[in-house]
Amino acid sequence: MVHNTSIDDRRTALGADDLATLAANLREQRLFRREQLRRLAATPTPRAGRRPGRQVAAKAEVRRQLAACARMVLVDVEAALRRMEEGCYGTCHLCRRAIALERLMIVPQARYCGRCQQVRRGDR
């Protein structure tokens with residue numbers, strides 16, 4: 001007999017080792033995103049008054065998009081670290097149930113359990 005379980009049906013209790021692993025992952029992500037933003041900011045942009053070619057303009061747009069994405073992830077990572085400090089990490093912001101450990105291992109900055117995240121995606 002095959003038992004079909006969703007990610008939310010699996011283990012949810014976070015032990016001290018789990019929290020330490022997740023915190024280390026979040027801190028590593030925070031360092032990576034900060035370094036990514038530093039490197040993107042250090043990349044020269046076309047000089048004012050000069051009309052950049054399409055390729056230069058496209059590369060600049062890609063850098064802007066990468067920086068925006070990195071800033072969003074950094075905000076989420078820092079929020080997750082604050083939740084850890086406050087003792088409310090791993091609780092879904094919508095239904096208030098525990099977020100499955102497996103989900104947190106994949107997306108340690110997750111604010112929502114798998115079911116609520118699917119509902120949120122359906123609202124778009």
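Values in this text are rule-based calculations from the coordinates and carry no lab data. For clarity, every value in this text was computed on a predicted model and none was experimentally measured. Here Cβ is always computed from backbone atoms with ideal geometry, including for glycine, and neighbour counts include all displayed protein chains.
Some notes on this structure:
- Estimated FRET transfer efficiency when R0 is 22 angstrom, pair ALA20-ARG96 (beta carbons, to 0.05): 0.35
- Prolate/oblate/rounded label for segment 74-113 (Cα gyration tensor, a/c 1.5): oblate
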